[in-house]
Amino acid sequence: MSPNMNKMTQKHLFLLLAFLCFPLFVSAQTDETTDETETDPTEEQSDSIVVSHIEIYNAFSPNGDGKNDVLTVKTGKTVGIVEFRAIIFNRWGQKLYEWTDLNGGWDGTVNGRPAKQGTYFVLVKAKGSDGQTHTIRRDVNLLRGYTEGYSNNEQ
C-alpha cells in the first residue's frame, strides 16, 4: 500500500431499522497527492434506509358494518413497499380476485356476487424500496354473518 494512501476519513451513515437509528461507520481512503479536502470527522452526515416489511390479515367479515369489511394489508405494519400484487384463490386454485394498489383490497365478492363464507388463499408478491422481495402465501377466512361479539350461527 502506498504511504500516500494511509489517511482515512470517516463518514457517518444512519440505518433506520425498526424505528431505531444505528450509526454505521464507513471508512474511505483519500490520496494526499490530489487536491481533495478532507471531511471533518466531527461533521455528521446521514442518510436513512427504510427496511421494507409487509403483512396481511388472515380473516375479514364483509358484512357492511364498516369494520374489517375488506381484506387488506396491515397498514401499520407495512412500510417501504414500492411494488405490490395480491391474488385471491378458492380452494380449487381458481383465481377469484387480484389487486395491485397497496391501499386496495378484496371486498369478498366474485364477479359482483358475494363469495361464500369459508377459507380462501392469498398470494402476495411485493418489492421494498430496499430491494428486498416479499412473498406471502397464506389462508384467509371470509366470515359472513359475523358482527363484533356476535355470530348469527349462535343460538
TODO: Can you send over the solvent-accessible area of Arg144, 1.4 Å probe, protein chains only, in Å² to the nearest 10?
DONE: 70 Å²
TODO: Determine ³J(HN,Hα), in whole Hz, for all residues of segment 122-139 in sequence, where each value follows from phi through the Karplus function 6.51 cos²θ - 1.76 cosθ + 1.60 and θ = phi - 60°; x replaces Gly and Pro.
DONE: 10, 10, 10, 10, 9, 10, x, 5, 8, x, 6, 9, 10, 10, 10, 10, 7, 7
- [ ] Name the long-range amide H neighbours of Tyr97: under 5 Å, sequence gap of 5 or more, or other chain; modelled H, no Pro or chain starts.
- [x] Ile88
TODO: At q = 0.15 Å⁻¹, what is the base-10 log of I(q)/I(0) for segment 67-132 according to the Debye formula with one equal point scatterer per Cα and no solvent? Please give it to two decimals.
DONE: -0.51
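The values are calculated or read from the model by the stated rules, or taken from the named source; none is laboratory data. Since this is a predicted model, take the numbers as computed values, not measurements. Side chains are part of the model used for accessible areas, which takes the heavy atoms of the whole protein and leaves out ligands, DNA and RNA. Shrake-Rupley method; radii C 1.70, N 1.55, O 1.52, S 1.80 Å.
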